[in-house]
Amino acid sequence: MIRKPVVSAADIAPDLNRLRRRGLLRGGLSLGGLALLTGCDLSTHSGVDAALWAMLRFNDRVQAALFNPSRMAETYPVSAVTTPFRFNAYYPEWQVRSVDAVDWRLDVAGLVADKTPWTVDRLRTLPQEGQITRHICIEGWSQIGQWSGVPLAAFLRRAGADLRARYVAFTCFDDYSTSIDMASALHPQTILALDFGQQPLTPEWGAPLRLRIPVKLGFKSAKNVRSIEVTNTFTGGYWENQGYDWFSGV
Amino acid sequence: MEQSRAAAHPLPVRIMHWIGVYAIGCMMLSGWEIYNASPSLPFQFPAWMTLGGWLAGAIAWHIGAMWLLFADGIAYLMYGIVSGHFRRDLRPPTPAAVGADLGRALRFRLPHRLGHYNAVQRLLYGGVIVILMLAVATGLSIWKPVQFGSLTALFGGYPVARGIHLTMMGLIAAFAIVHVALVAIYPRTLVSMVAGVPADPETPS
């Protein structure tokens, strides 16, 4: 009898990566290591790593204080859109997963009055907003893209979400996840995108639904969204739990 | 205490100098790791030269050390203005004075007097302070291109601001190489930046 494996390769990939990094770091001396007498990369349990994590949390609070809900990300003309648009995910493009848009449902969980799952067609009945904005990657590169879809604020109000809750968390069917603060979730340019470049999203760009949040770094704009949860519990995210700055506002 | 017995470098300057060295060192090494994530020039920094181990670690270092550099820089600028250090020691030199002193320096005929700044030193130290301020300003503009949007626009938009930030890093690194080389030639300047060594008497040039 063939049993389904309890743990898949994707489940342990982050841990494997972490271990590999630690091995790499232990393997060689670095200028940084010499100067600071320790190799601190957020994965050890040293005091310096604890201080770095504390600084990350401090920076999250500073960024939340700096966030001005009425300040808009710069918008561009269609002629400024970057082509070809660069694919980016925690996996290579050939591993992109897709679902049948007809079977797909968006689950809504947590502090919301109406937990009815949403279909793509029903999402299209809500008011739509378009934007041409700069997607800025935490790696430093950036590109300009065009998205349209439902403003997250309108969606949350429609679902009867508790808008005083602290976080909105996103879970994706490609095993990605992220979460954002409520103030950024309610920003007028934060949308649940259904279209990319005036066409319905294709799998590599996050079909059938992705978050597009130009007031945060690119990795916060989760693709292939499966469920949205409104919560007061900090859930972090795929990259955030490994040490990437959680707030990541721009 | 007589004027001539005053320390070549007052204690606050010595403390702020070494905090600055540590902060700039952390910013530089972690910045190289961040650069490596998406190099805009056809080269990468070897891993042994970088700090943080990987991108997230480097960013944690960069935005952590940022506060130290910011606090040290503000303290130094306030001290420099209030104490008269800038007015007295780092007044921008005339091009003619720089030319004359540079000519003498290249012929190894420029005397180095502790506590007194020749035209080349004024240019280099004044210049690196301006460059550091530009590095901090462009850094803020690419950290928060929406919240500090007008600053980012002032530097020509996000990609250009990032390029300027990288250029400032290069200039700071170039300054550090020249600075350390000159300290190696005049080792007593290193002693004077650590201990309270009295300034040399002023001699007419």
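Taking A:Gln131 as the residue in question, decide whether it is within 14 Å of chain B (Cβ to nearest Cβ), touching a Lys or Arg at 6+ places or on another chain (Cβ under 9 Å) and either part of a loop (DSSP other than H, G, I, E, B) or basic (Lys, Arg) (or both). No, not satisfied.
Run down A:Gln63, A:Gln95 and say which single residue is modelled with pLDDT of 90 or more and more than 9 Å from every other protein chain (Cβ to nearest Cβ). Before you say what the answer is, go through the steps one by one.
On the way: A:Gln63 fails: more than 9 Å from every other protein chain (Cβ to nearest Cβ).
Just one listed residue meets the conditions, A:Gln95.
Taking the criterion of being more than 14 Å from every other protein chain (Cβ to nearest Cβ) and under 14 Å from the mean Cα position of the chain (by Cα), would at least one residue in segment B:189-200 satisfy it? Among the residues of segment B:189-200, not one is more than 14 Å from every other protein chain (Cβ to nearest Cβ) and under 14 Å from the mean Cα position of the chain (by Cα), which makes the answer no.
Filtering A:Val215, A:Val225 for residues that are crowded, with 20+ Cβ neighbours inside 10 Å and either over 23 Å from A:Trp141 (Cα atoms) or outside the structural domain of A:Ala113 (by TED's automatic domain parsing) (or both) leaves a single hit, A:Val225.
For segment B:5-38, a residue qualifies if it is within 14 Å of chain A (Cβ to nearest Cβ) and not in a helix (DSSP H, G or I), and exactly one does: B:Ser38.
For segment A:182-197, state whether one or more residues are more than 25 Å from A:Phe87 (Cα to Cα) and either of a type in the set (S, T, N, Q) or open to solvent by less than 20 Å² (accessible area, probe 1.4 Å) (or both). Checked segment A:182-197: at least one residue is more than 25 Å from A:Phe87 (Cα to Cα) and either of a type in the set (S, T, N, Q) or open to solvent by less than 20 Å² (accessible area, probe 1.4 Å) (or both).
Take the residues of segment B:141-154 that are among the hydrophobic types (A, V, I, L, M, F, W, C) and touching a Leu at 6+ places or on another chain (Cβ under 9 Å): which is nearest to the other protein chains (Cβ to nearest Cβ)? Full working, then the answer.
Looking only at segment B:141-154, we keep the residues that are among the hydrophobic types (A, V, I, L, M, F, W, C), and these are B:142-143, B:146, B:148, B:151, B:153-154.
Restricting the remaining residues to those that are touching a Leu at 6+ places or on another chain (Cβ under 9 Å) gives B:148, B:151.
Working: B:Phe148: 8, B:Leu151: 12 Å.
It comes out as B:Phe148.
Condition first: loosely packed, with under 13 Cβ neighbours inside 10 Å, without any contact (Cβ under 8 Å) to a residue 24 or more places away in the chain and not in a loop (DSSP other than H, G, I, E, B). Can you find one or more residues in segment A:95-115 that meet it? Checked segment A:95-115: at least one residue is loosely packed, with under 13 Cβ neighbours inside 10 Å, without any contact (Cβ under 8 Å) to a residue 24 or more places away in the chain and not in a loop (DSSP other than H, G, I, E, B).
Only a single criterion out of (1) touching a residue at least 60 places away in the same chain (Cβ under 8 Å); (2) in contact with a helix residue (DSSP H, G or I) (Cβ under 8 Å, 6 or more places away or on another chain); (3) more than 10 Å from every other protein chain (Cβ to nearest Cβ) is not satisfied by B:Leu166, namely (3). Just one residue in the set A:Ile213, A:Ile191 is within 14 Å of another protein chain (Cβ to nearest Cβ) and of a type in the set (Val, Ile, Thr); that residue is A:Ile213. Residues that are without any contact (Cβ under 8 Å) to a residue 40 or more places away in the chain, more than 14 Å from chain B (Cβ to nearest Cβ) and open to solvent by 50 Å² or more (accessible area, probe 1.4 Å): does segment A:147-157 have at least one? The answer is yes, given that some residue of segment A:147-157 is without any contact (Cβ under 8 Å) to a residue 40 or more places away in the chain, more than 14 Å from chain B (Cβ to nearest Cβ) and open to solvent by 50 Å² or more (accessible area, probe 1.4 Å).
When you look at A:Ala64, is it more than 22 Å from A:Tyr176 (Cβ to Cβ), more than 20 Å from the chain's Cα centre (by Cα) and in a helix (DSSP H, G or I), yes or no? Even if it seems obvious, please write down each step before you answer.
Numbers: more than 22 Å from A:Tyr176 (Cβ to Cβ): yes; more than 20 Å from the chain's Cα centre (by Cα): no; in a helix (DSSP H, G or I): yes.
No; evaluated as a whole, the condition is false for this residue.
The values are calculated or read from the model by the stated rules, or taken from the named source; none is laboratory data. Computed from a predicted structure; not experimentally measured. Backbone-built Cβ (ideal geometry, glycine too); neighbour counts: all protein chains shown. Just the protein is used for accessible areas: all its heavy atoms, side chains included, with ligands, DNA and RNA removed. Shrake-Rupley method; radii C 1.70, N 1.55, O 1.52, S 1.80 Å.
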